[in-house]
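These notes concern the structure reproduced below.
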Amino acid sequence: MTTQLFGQSIARKEDRRLLTGRGRFVDDLAHDAWEVAVVRSPHAHARVRDIDVLAALDVDDLVAIYTFEDLPDRMRQPLPLLIPHPALTAPRTQFVLANGEVNHVGEAVVLVVARTRYAAEDAVDRIRVDYEVMDPVVGVEVAAAADRVVHDEIPDNVAAHLVQEIGDPRAAIEAAPHRLSFRLDIERSASTPLETRGVLARWDADEGHLRLYSSTQAPTSVRAAVATILELDFQKVECIAPDVGGGFGVKIMHPWPEEVLVPWAATVLGHDVSYTEDRREHFVAANHEREQVQHLDVGFDDDGRILGIDFTFLHDHGAYIPYGLIVPIITSTQFLGPYAITDYRVEFTSLYTNTVPVTPYRGAGRPQGCFAMERLMDKVAAELDLDRVAVRRANLIQPDQFPYEFGLTFQDGRPYTYDSGDFPGSMDTLVDLVGWDDFPARQAAAREEGRLLGIGLATYVEGTGVGPYEGGHVLVEPTGRVQVATGLSSQGQGHETVFAQIVADILGVAIDDVEVVVGDSSRMQYAVGTFASRAAVMSGNAIAKAAHRVRERALELASAALEVDPADLEFVDGQVRVAGSPDTALALKMLATLSNPLRYAFDADAAAATQFAGPSDETRPPVADGVAPGLEGTDFYSPIRSTFANGMHAVVVEVDPDTSDVTILDYAVVHDCGRLINPAIVAGQVHGGVGQGVGGALYERMAYDEHGQLLNASFMDFLMPYMTEVPDGIRIDHLETPSPLNPLGIKGAGEAGVIPSAAVFAAAIEDAVGVPVDAMPISPSDLHHLRLAADRPDPT
Ligand code: MCN
């Protein structure tokens, strides 16, 4: 009997392959490729006066050296602006190779192709670039002061300026019984996936066909960009994202300069060419996120009810703005979290600096917004001497208020409207899970022993399942196996398993008989990509719709063959059978064979099965006119707007009184992503996110000096948490409020874990040491200095 798999913690199908070393990553495929190395700028801001490649020409195994001047006209344009916005008044994107100027350390200047990477690196070492070094703009406040500029034609360094407002926030703040103003800072971090960026190009000159393998989150978009820039027909270009060793947002950017240069070089040289970014390059040539300076002005009443908020922030966009304004727009809206705020003004200024460009990193603007709102709630509670949970409860949107419309515009250009949730219910669950009410006694007892314990909580709402569309293709093979494809790619989320669960249920087949292929443009050429926690919602629903098409077709075939009403048929154990009469059945593989004339001609079983095809009629073709042969279906899902997941985290920390080192004692999560397809996978996503959030809150920061040099561009210096720093035994409670916006009732989960980390740790550390924590990340040394500055080295 086939059991329902949706909602079950099925073990991940892909893990056997990945854990036994049989994953296929881009670099594994580049067997015979010539390799690329890149001369990158050592300066944050400079003009390129001259490039001398002579000394490199006698390097053994050198194949070619290219500078900007060597590129064809079509490649001398700036790379595309992916998401335009009317507020983006001064968009600047980079060239594939520097066009006379470099704007951050790490910008690509010269491309070298050689038979081996060693030779390519040797040639890179011998190329001399003469730079005229200019003053760099480093730090968002330096950019705002505009004493020096990044791009000559943008004298104020402003890429964009956007205001959104609802109600009358200034009047509400001024009339409020209580008022607070404060500043919050968040520094830069980055995705830093285990596998760096990589691209391999195979050019078949006979066929005029280009096959690309890219470690990307958006293979169909890479294909479109490369085909357009190289002026090739889309049908002559395919892009495959094989196994991808993590992306966390950075690999949604496309096309990277190397993603254009490598295929172009392959077409020019008539040979496979590949590029694998090294770790140091990843730090300075792959994008970052997070840096914002945020100011808040809030008015509230005696119960802590928020009456009005004015939120202004400066957003550091780095040297270029290829991905538009998504990150600051998300901060602007998602800042509001689960709270019913009616009078709100947000204003951001997006600024250029001579640092690595900024594009979304897991959470994408939400950690900054959550930090701002949750610090605000804590400060209001402190000001009124109220419990932090009570203040939050006073402001929560209630379950009967859904759909809750704020009157703002979200990142997808649609109304910012929450579809479902139970925020008070989530809060109750979290309070129980972390033992909030008992904590003061626990804290007091610890203080008696000289131990500094603190507790913090933070809430968030996350727009997920962003459109515009995603597709699914489902095909039953004559073997009975089911092939499923969707165009977005996976970076470790477990898509092969969850999509198989959905299809197995709809077609009544074993999950082992379902094979899912993601990220192959030849299997699904229309797709958008994996970002914004959208795969489950978008591809999940598209695949479900495609599977239902197959089911309908199978019903038609089976009811004709068995001469029964389709309503009397059920899908069980790979068969379509008559309910209550299990012996009257046709296997799906037989239906696939019957509907496939090619296979039919060679298959004895299928020939025998013609008896099911109805009375013999020589004038009738085996497949009806106008009906596609085969048992397969394609469909697309396109939502009216995003669906909003939500959650609440709490952490208990202990701060060492002498060293200010922070130890995590408890971590609790309540999470609502609608109906869960696979609870174990969602729990894994949340765990991974929390781990990444611990890094973002306590360890990771991109440390630029005033010259624009990244001082910690290696894992020796850029601290990431090990297993030992990530809390063991994170407690998770899943609340399921189905989304009314999609047939499966699901909301996304992939970024949730990382969103509240800065907020929750700042709150807990502050509670432990009694000193305001308004800048994150916070290292033991930062905390030590904060405590010294507050003249409270030992608050016990
Ligand atoms: N899921 C589920 N039930 C739900 C929602 C989700 O079972 N109601 C499952 C999904 O089927 C999927 C996983 O949870 O297997 C994450 O789903 P989803 O929220 O749709 O997120 P995406 O699959 O679109 O993944 C993108 C998201 C983002 S934006 C980043 S960044 C991120 C993340 O996922 N990068 C990751 N998680 C990552 N996990 C790994 N291992 N590596 C990355 O690079």
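Every read-out reported here was derived from the displayed coordinates using simple, explicitly stated rules and does not represent laboratory data. This is a predicted model, so every value here is computed, not measured. With ideal geometry, Cβ positions are generated from the backbone for all residues, glycine too; neighbour counts draw on all protein chains shown.
Summary of values
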quantity: Value of D in µm² per second that Stokes-Einstein yields for the range 128-270, Kirkwood Rh from Cα pairs, at 25 °C (0.890 mPa s); calculated: 124
quantity: Relative contact order %, the chain, counting alpha carbon pairs below 8 Å whose residues are six or more apart; calculated: 15
quantity: 239, 370 arranged by Cβ crowding within 10 Å, fewest neighbours leading; calculated: 370, 239
quantity: Normalised contact order of the range 32-134, rounded percent, pairs of Cα under 8 Å and 6 or more residues apart; calculated: 56
quantity: Long-range Cα-Cα pairs in the range 295-424 (distance over 25 Å), rounded percent; calculated: 29
quantity: Loop GluC sites (Glu not before Pro), the range 439-496 (other Cβ atoms within 10 Å of the site Cβ: 12 or fewer; DSSP); calculated: 449
quantity: Cβ-derived FRET efficiency at R0 56 Å, residue 146 paired with residue 565, nearest 0.05; calculated: 0.15
quantity: Sites matching chymotrypsin sites (Phe, Trp or Tyr not before Pro) across the range 254-319 that sit in DSSP coil, with at most 11 neighbouring C-beta atoms within 10 Å; calculated: none
quantity: Eligible lysines near residue 379 by straight Cα distance, threshold 17 Å, same-chain separation 8 or greater; calculated: none
quantity: Shape category assigned to the chain from the gyration tensor of Cα positions, a/c cut at 1.5; calculated: oblate
quantity: Expected 222 nm ellipticity per residue - DSSP helices of 4 or more, -39500 (n - 2.57), all of the chain, to 500; calculated: -8000 deg cm²/dmol
quantity: Global geometry of the range 32-134, whether rounded, prolate or oblate, following the gyration tensor of its Cα atoms and the 1.5 cut on a/c; calculated: prolate
